[in-house]
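Asks: Below you will find the structure I want to go over with you.
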Amino acid sequence: MSILMTGGGTGGHLAIIRAVKEALVAGNSEQVADSSEMLIYVGSTKGQDKQWFDHDEDFAYKYFFDTRGVVNQGGLGKIKSLFMMAGATLKSIKLIHKHKAKVVFSVGGFSAAPMAFAAKLTGTPLVIHEQNAALGSLNKLLKPYATYFISSYLEESPIKAYPVKEIFFKNAHLRNAVKTVIFLGGSQGAKAINTLALSIAPQLKQNGIRIIHQAGTNNIEEVQKAYDDLDIEVEVFGFTTKLAVYMNEADFAIARAGASTLWELSATAVPTLYIPYPYAASDHQYHNAQFLVKQNLAWIMRENEIDKEKVLILLDENMSAVSHGLMEIVEKNGSQKIATLLKDLEI
């Protein structure tokens, strides 16, 4: 029997695949008698899919189809993308039969389309995980056909817990006064967040507040030089495997509102001001942040509304109520719960 996992293009999607995959592998190692399950990943040659999983030995097989997004293409581009997707869907149907797939787990994104459509066409159980408060185009289309549709934002979801690694929960502790601020623009960086960080850095230094700054891989030298010119010692980085460590050290975050970042910060109980990426599909980062803002568990500023004076005033607030509230709202064991659901569908 096999579990086919599909979707990606971006790190937000792929992080879900990895988290659930690791839970499945851990479950197999703990129950040797049930370790015959074969994990297979199906993605695209575009995006970050190959970078994440091409050499991942937990997957018995990896397939990367020549596909690309449809929504962001022009007229002829859309037609070509649809032809590419149709060909990949036929290949996906063959893979379902070849590997005797009992369930397809999809996280959305253009990479997921061929295998998700193949699941519907072959009657294979389809489990969809939606990371964002605003549904992605593919997930919205396939939601009525899914055996299970999982979302941390929907009341009717069979699993509300987001697949966050256990280390983030282990690091959770109550924040009171702000002694360390972390700026998170993602591994690619965020110009608006970088600009804000540098503009308030002198005041933060004067107030004895330490800075940790994810400036983006391509911006490290420029941002580091700016801090050096200000004579401020800051840990500046782009991509990192130490994100859990950095979040643990922070008392407050200023960050984009991608789903993984939002739930990792929440699991660590870090009060956060979210500055959503303004061009995200369906404005999903704004809606992600609003899910917490409506519960008085976060703050939000649009890029064109950033006010450094308001940010500095915010940092003087007592963070304990928000930090404690995050500990109460975020459920644990999301990866394990999804893994169990997938395993049960195989029986």
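The values are calculated or read from the model by the stated rules, or taken from the named source; none is laboratory data. What you are looking at is a predicted structure, and each value in this text was computed from that prediction instead of being measured. Here the Cβ is made from the backbone with ideal geometry for all residues, glycine too, and neighbour counts use every protein chain on show. Ligands, DNA and RNA are stripped out before the accessible areas are found, and what is left, the full protein with its side chains, is counted by its heavy atoms. Shrake-Rupley method; radii C 1.70, N 1.55, O 1.52, S 1.80 Å.
Asks: Any chance you could count how many residues in region 202-233 are under 30 Å from Gln290 (Cβ atoms) and out of contact with any Gly (no Cβ under 7 Å at 6 or more places or on another chain)?
Replies: Counting residues in region 202-233 that are under 30 Å from Gln290 (Cβ atoms) and out of contact with any Gly (no Cβ under 7 Å at 6 or more places or on another chain) gives 9.
Asks: State which residue is most open to solvent (accessible area, probe 1.4 Å) when the search covers only region 177-195 and only residues that are out of contact with any Lys or Arg (no Cβ under 8 Å at 6 or more places or on another chain) and at pLDDT below 95.
Replies: The selected residue is Lys191.
Asks: Here is a list of conditions, (1) in contact (Cβ under 8 Å) with a residue 24 or more places away in the chain; (2) in a loop (DSSP other than H, G, I, E, B); (3) open to solvent by 20 Å² or more (accessible area, probe 1.4 Å), and Tyr279 meets all of them except one; can you say which number that is?
Replies: Of everything listed in (1) in contact (Cβ under 8 Å) with a residue 24 or more places away in the chain; (2) in a loop (DSSP other than H, G, I, E, B); (3) open to solvent by 20 Å² or more (accessible area, probe 1.4 Å), Tyr279 misses just condition (1).
Asks: While we're looking at this one, here's another question. For region 202-210, does any single residue satisfy the condition of being surrounded by 21 or more Cβ atoms within 10 Å (Cβ to Cβ) and at pLDDT 95 or above?
Replies: No, that holds for no residue.
Asks: Which one of these is under 16 Å from His324 (Cα atoms), modelled with pLDDT of 95 or more and of a type outside the set (Lys, Arg): Ala267, Ala289, Ala257?
Replies: Checking each option against the conditions leaves just Ala267.
Asks: When residues of region 178-202 are filtered for being within 20 Å of the chain's Cα centre (by Cα) and among the polar types (S, T, N, Q), how many remain?
Replies: Residues meeting the conditions: 2.
Asks: Looking at region 215-227, is at least one residue in a loop (DSSP other than H, G, I, E, B), closer than 25 Å to Asn171 by Cβ and open to solvent by 20 Å² or more (accessible area, probe 1.4 Å)?
Replies: No; the residues of region 215-227 include none that is in a loop (DSSP other than H, G, I, E, B), closer than 25 Å to Asn171 by Cβ and open to solvent by 20 Å² or more (accessible area, probe 1.4 Å).
Asks: Mind listing whichever residues of region 96-144 are touching a residue at least 40 places away in the same chain (Cβ under 8 Å), open to solvent by less than 60 Å² (accessible area, probe 1.4 Å) and among the aromatic types (Phe, Trp, Tyr)?
Replies: Phe105
Asks: Any idea which of (1) touching a residue at least 60 places away in the same chain (Cβ under 8 Å); (2) in a loop (DSSP other than H, G, I, E, B); (3) closer than 27 Å to Lys21 by Cβ; (4) open to solvent by 10 Å² or more (accessible area, probe 1.4 Å) is the one Ile167 doesn't satisfy?
Replies: Failing condition for Ile167: (2).
Asks: Any residue at all in region 142-150 that is assigned to a strand (DSSP E or B) and of a type outside the set (A, V, I, L, M, F, W, C)?
Replies: yes
Asks: Oh, and also: Considering only region 317-347, state which residues are at pLDDT 95 or above, of a type outside the set (A, V, I, L, M) and closer than 19 Å to Ala250 by Cα.
Replies: Ser320, Ser323, His324, Gly325
Asks: Considering region 228-276 alone, what residues qualify as being open to solvent by less than 20 Å² (accessible area, probe 1.4 Å) and in a helix (DSSP H, G or I)?
Replies: Matches in region 228-276: Ala244, Tyr246, Met247, Ala259, Leu262, Trp263, Leu265, Ser266, Ala267.
Asks: Does Lys91 fit the bill of being assigned to a loop (DSSP other than H, G, I, E, B), charged (D, E, K, R) and open to solvent by 50 Å² or more (accessible area, probe 1.4 Å)?
Replies: Judged against the criteria, Lys91 is not a match.
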